[in-house]
1. LEU254 versus (1) out of contact with any Phe, Trp or Tyr (no Cβ under 6 Å at 6 or more places or on another chain); (2) of a type in the set (A, V, I, L, M, F, W, C); (3) touching a residue at least 24 places away in the same chain (Cβ under 8 Å); (4) not in a helix (DSSP H, G or I): which is the lone unmet condition?
2. How about the stretch 222-236: which of its residues are part of a helix (DSSP H, G or I) and without any contact (Cβ under 8 Å) to a residue 60 or more places away in the chain?
3. Just checking, which of ALA139, ALA157, ALA143 is within 30 Å of SER251 (Cβ to Cβ), surrounded by 14 or more Cβ atoms within 10 Å (Cβ to Cβ), at pLDDT below 75 and small (Gly, Ala, Ser)?
4. So LEU283 clears everything in (1) closer than 21 Å to ASN109 by Cα; (2) open to solvent by 40 Å² or more (accessible area, probe 1.4 Å); (3) of a type outside the set (Gly, Ala, Ser) except one condition, right? Which one?
5. With assigned to a helix (DSSP H, G or I) and at pLDDT 75 or above as the only criterion, which of THR8, THR4, THR21 stands out?
6. Can you name the residue in the stretch 194-244 that is among the aromatic types (Phe, Trp, Tyr) and open to solvent by 70 Å² or more (accessible area, probe 1.4 Å) and, of all such residues, is nearest to CYS118 (Cα to Cα)?
7. For the stretch 127-136, which positions are aromatic (Phe, Trp, Tyr) and open to solvent by 40 Å² or more (accessible area, probe 1.4 Å)?
Amino acid sequence: MASTAESTNKQVSLHVPKHFTKVLAGGMILLALCVLASLVFGSRVVGWNDLIDGLFHPNADSYGAIVVHKRISRTVFGLFCGAALGVSGSLMQAVTRNPIADPSILGVNTGASLFVVCGIAFLNITTAHQYIWLALAGAMITAVFVFGIGSMGRGGATPLKLILAGAATSAALSSLVSAIMIPRSYVMDQFRFWQVGSIGSGNWSVIGTFIPFLVVGLLIGFIAAPALNALALGDEVATGLGVRTGTLRLSAALAGVLLCGATTALAGPIGFIGLLATHVMRLVLGSDLRFVIPMSALSGAIILTLSDVIGRLVGSPGELEVGVVTAFVGAPILILLAMRAKVRSL
């Protein structure tokens, strides 16, 4: 009993990682610069006076100020989506004990996409509020299915089996999406802009729909972080520390799917943010999820906002959707991580 109590005290004690203050300060500065770039750059580059008018004088009628005012909601939406995907990736990696787990890799994004396209084709849905519930249902069902398939056989849900199950499920669901869209041109026209992944449609109404899901998912993720540290030591050790492993996995997975599904519903299937954000934080802060999870929200917001700015600059005078940019950057990094990690568990 004494040893168990001592272990529990060690688990709940807060040891701040080395350089945490510097990383946090640097991250906040970088986030501020990304927000500034998001407001300034695009098909039209605005000047300092227009930026000030757009931020502090909402009734300003200059074209530049109007452009800045329109970009504010897009930027806020991008920050929220990046934070949600960053935390979702951290939670999925912790629950599956898989260093390369990510909503897009495990097929969760594709499941959400399938339900959305079914809603467009068969239920005639058109609003963000309708998208979000269908996407959440698709994401949850797919997550349960992938984990169930990956848990079959000897050894349970190993990292390799989960990745293979996710890849196979994603391929199958992508085929179903294509099969539904091809004979229905109106579905293809409506779905193809959403499918690429973009935050260009972010407005205050969409943000208002997103916020409740974001808050609930983030709260569950932050609260679960200390227990997830214990889970990383193994189920037997975690149980000895008083952690209900089944309840913990269910609640953390639910939070991850909630964040990923809501983001996918409103912004489309944006991949690799959760993978990149979490690995950056693990690299600089270590493996303590009490710091990795909240800091993944910060790094995810930075990565997505920066990717959106890059897409606007590269695609000028139009724009290159953020989902294309993150895929272009994330795919090589995924290959590198897979080669280095050799699909080991956390």
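1. Condition not satisfied by LEU254: (4).
2. We begin by selecting, within the stretch 222-236, every residue part of a helix (DSSP H, G or I); these are 222-231, 235-236.
Once the filter is applied, which keeps residues that are part of a helix (DSSP H, G or I) and without any contact (Cβ under 8 Å) to a residue 60 or more places away in the chain, the stretch 222-236 yields ILE223, ALA227, ASP235, GLU236.
3. Working: ALA139 fails: at pLDDT below 75; ALA143 fails: at pLDDT below 75.
Only one candidate passes the filter, namely ALA157.
4. (1)
5. THR21
6. Initially, the stretch 194-244 is screened for residues among the aromatic types (Phe, Trp, Tyr), giving 194, 204, 210, 213, 222.
Those still in the list that are open to solvent by 70 Å² or more (accessible area, probe 1.4 Å) too: 204, 222.
On the way: TRP204: 26, PHE222: 33 Å.
The selected residue is TRP204.
7. The answer is TRP133, and nothing else.
For every residue, the table says whether it meets (1) at pLDDT 85 or above; (2) under 18 Å from the mean Cα position of the chain (by Cα).
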site: VAL196; (1), (2): no, yes
site: GLY200; (1), (2): no, yes
site: GLY217; (1), (2): yes, yes
site: LEU233; (1), (2): no, no
site: LEU241; (1), (2): no, no
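The values are calculated or read from the model by the stated rules, or taken from the named source; none is laboratory data. Owing to the predicted nature of the structure, the values given are computational and were not obtained by experimental measurement. Using ideal geometry, Cβ is built from the backbone for each residue, glycine included, and neighbour counts are taken over all protein chains shown. Only protein heavy atoms, including side chains, enter the accessible area calculation; ligands, DNA and RNA are left aside. Shrake-Rupley method; radii C 1.70, N 1.55, O 1.52, S 1.80 Å.
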